[in-house]
Amino acid sequence: MNNDSTTKILTCIICPNSCRISLTYDPDTQEITSIHGALCKKGKDWVEQELFKPMRTLCSSIRITGGREPLASIRTTKAVSLSSIKELMELIKASSIKAPVEIGQVVLSEPLGLDCDVIITRGVDRL
């Protein structure tokens, strides 16, 4: 084992088991050298993703103009890289859409070149 290894304990969020997974890894090579506590393969796969390329589904809201409500809730259609969240939020904050909007309506298609869309999750009628 490399002397530069790091030890972490993560709680898996994939299923209701919420396994406490302890692992040792080399941050330079991004190699997990030991892993304990995962009750299934999904836990090990999740740890690798969470450690080296964390992904999140973004949920937020977007401004609505001419609507009965000033905001509509939105989300990404897929998880996106955690490192892209800040820039995506800045794009959303600078955006607005005109009412009416319907659930499932795409408001941003492949924003920032990401492999997802941003869709409406709460409809808003016109004034």
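Nothing in this text is a laboratory measurement; each read-out follows from the coordinates by a stated rule. What you see is a predicted model; the values in this text were computed from it and never measured. Glycine also receives a Cβ, built like all others from the backbone with ideal geometry; neighbour counts cover every protein chain displayed.
Cross-link partners of residue 53 among lysines, defined as those whose alpha carbon lies under 30 angstrom from its own and excluding same-chain residues fewer than eight positions apart: 8, 41, 42, 44, 78, 86, 93. Computing FRET efficiency as 1/(1 + (r/R0)^6) for residue 75 and residue 49, where r is the C-beta to C-beta distance and R0 is 22 Å, gives about 0.70.
How do 14, 119 rank when sorted from fewest to most other Cβ atoms within 10 Å of their own Cβ?
14, 119
About its Cα centre, region 6-53 has a charge dipole of approximately 260 debye under the convention of +1 per Lys or Arg Cβ and -1 per Asp or Glu Cβ, with nothing else charged. Positive-end ranking of 82, 111, 123 along the dipole of the chain, with charges on Cβ about the Cα centre, is headed by 123.
Which one of 19, 40, 59 has the biggest mean-square fluctuation once the chain is modelled by GNM with Cα springs under 10 Å? Top of the fluctuation ranking is 40.
Could you work out [θ]222 nm for the chain from helices alone, using -39500 (n - 2.57) per DSSP H run of at least four and dividing by all its residues? Round to the nearest 500 deg cm²/dmol. Don't skip to the end; give the middle numbers.
On the way: 2 runs with 21 residues, N = 127.
Computed ellipticity for the chain at 222 nm equals -5000 deg cm²/dmol.
Restriction of the GluC sites (Glu not before Pro) in region 85-127 to DSSP coil positions whose beta-carbon has at most 12 other beta-carbons within 10 angstrom yields 102.
Within the chain, which is the longest segment that contains none of the trypsin sites (Lys or Arg not before Pro) sitting in a DSSP loop with at most 14 other Cβ atoms within 10 Å? Display every interim value, and only then the final one.
Values: sites that count: 68, 78, 122.
That gives 1-67 as the longest site-free run.
Note on residue 29 and residue 115: the extension gain reaches 28.3 nm, defined as 0.36 nm multiplied by sequence separation minus the Cα-Cα distance.
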